[in-house]
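Here is the structure we will look at, set down as structure tokens.
Taken together, the values in this text are just the output of simple stated rules run on the coordinates, not laboratory data. Because the structure is predicted, anything quoted here is derived from the model rather than measured. Don't worry about glycine lacking a Cβ; one is built from the backbone with ideal geometry, like all the others, and counts go over all protein chains shown.
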Amino acid sequence: MKVIKAMSYADLSKKAAIVMAAQIIRNPKSVLGFATGSTPLGAYAELARMFADGAVDFSGIVSFNLDEYYGLAAAHPQSYHYYMRQNLFSHVNINPDNIRIPNGVAVDPEQECAEYEQSIQDAGGIDFQLLGIGRNGHIGFNEPGEIFTDKTHLTYLASDTLSANSRFFGPGEKMPTQAISMGIGTIMRAKSILLIASGADKADALSKMINGPVTPQMPASALQYHRDAIVMYCD
Ligand code: F6R
């Protein structure tokens with residue numbers, strides 16, 4: 001794992017966007033894995049700016065998102081479909097047919113998970129996966145547990161995740177307790193990975209992930225075994 005410290009959140013965002021843009025320039029037909037949450041917002045804004053400047057072209061890109069809340073339709077303002085549209089997809093020339101995000105209102109979630117995993121395989125696997133990290137060390141919604149999950153699955157959110165993400169939901173809004181998430185195996189099969197983290201509340205998870213034992217109690221620690229993973233962070 002390569003560990004890079006950025007000077008500030010603005011610097012982290014710029015560097016992360018440059019790494020992603022380089023991937024797109026090197027392979028304009030890249031299959032990209034995207035993350036949501038607060039951390040990538042700056043990087044997505046930078047990517048949108050690079051697109052506006054003509055530096056990067058998303059027309060050949062295929063994208064898969066890490067996860068989606070189970071119970072939220074694509075039009076829900078807290079859904080990750082909505083987030084991706086607002087923060088990246090509506091600002092670049094990605095082909096809407098090439099965007100995949102788990103369906104949060106699938107009637108048969110098991111089938112949705114199996115199909116999602118299959119569509120990643122059919123696309124030839126993920127070339128580049130962007131990740132954030134939870135305070136509890138989760139990546140995607142792979143929460144601390146007894147095993148490393150392999151494939152896309154329906155999962156319960158850990159209580160720390162529920163409290164961390166409740167900030168996005170208004171007083172009257174009910175936050176889902178489940179999500180569909182790529183598995184640790186799905187993430188580890190990506191050819192290259194960039195994990196970004198910002199702020200003091202991620203410091204403990206980061207240090208355990210980088211220096212601690214590889215254990216499903218700290219899901220991000222699996223990345224120690226990935227052969228092309230970069231961790232980029234700022235205080
Ligand atoms: C989001 C995701 C999560 C977040 C993590 C950090 O798609 O899969 O693992 O990356 O919860 O979220 P922020 O960036 O909001 O601290």
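Only the Cβ atoms of Lys and Arg (+1) and of Asp and Glu (-1) were treated as charged; on that basis the dipole of segment 99-235 about its Cα centre amounts to roughly 340 debye. Label reach from SER38 (point 7 Å along Cα→C-beta): in segment 210-235, no amide nitrogen lies under 12 Å. Computed 3J(HN,Hα) for segment 182-195, one whole-Hz value per residue from the Karplus formula 6.51 cos²θ - 1.76 cosθ + 1.60 where θ = phi - 60°, is 3, x, 4, x, 4, 5, 5, 6, 5, 5, 9, 9, 10, 9, glycine and proline marked x. Build a GNM of the chain with springs between Cα atoms under 10 Å: which of PHE169, PHE64, PHE89 gets the top mean-square fluctuation? Largest GNM mean-square fluctuation: PHE169. Among 110-117, 1-8, 187-194, the peptide with the highest mean count of other Cβ atoms within 10 Å heads the list, and the full ranking is 187-194, 110-117, 1-8. For the chain, adding -39500 (n - 2.57) for each run of n ≥ 4 DSSP H residues and dividing by the number of residues yields -9000 deg cm²/dmol at 222 nm. Just checking the listed ones, TYR70, TYR82, TYR44: in the Gaussian network model of the chain with Cα springs under 10 Å, the one fluctuating most is TYR82. The charge dipole of segment 125-194, taken about its Cα centre with unit charges on the Cβ atoms of Lys, Arg (+1), Asp and Glu (-1) only, comes to about 140 debye. Computed from the Cβ-Cβ distance with R0 of 41 Å, the FRET efficiency linking THR177 to TYR225 stands at 0.85.
Distance between the pseudo-spin-label points of GLN86 and ASP235 (7 Å out from Cα toward the beta carbon): 3.1 nm. With +1 on each Lys and Arg Cβ and -1 on each Asp and Glu Cβ, how big is the dipole of the chain about its Cα centre, in debye rounded to the nearest 20? Rounded to the nearest 20 debye, it is 720 debye.
Here is the link list: LYS14/LYS202; LYS5/LYS174; LYS2/LYS191; LYS15/LYS202. Which ones come out longer than 25 Å on Cα distance? Going by Cα-Cα distance, LYS5/LYS174 fall outside the 25 Å limit. Note on the chain: dipole from Cβ charges, positive end direction compared against SER163, ILE126, MET1; the farthest Cα belongs to MET1. Over the Cα atoms of the chain, the radius of gyration divided by the Kirkwood radius equals 0.93; this is the Rg/Rh ratio.
A full extension of the chain between ASP201 and ALA123 corresponds to an added length of 24.5 nm, given 0.36 nm per residue minus the alpha carbon distance.
Averaging Cα coordinates gives a centre for segment 1-77 and one for segment 129-151; these two points are 19 Å apart.
Note on the chain: antiparallel DSSP beta bridges, both residues inside, total approximately 25 percent of the bridges counted.
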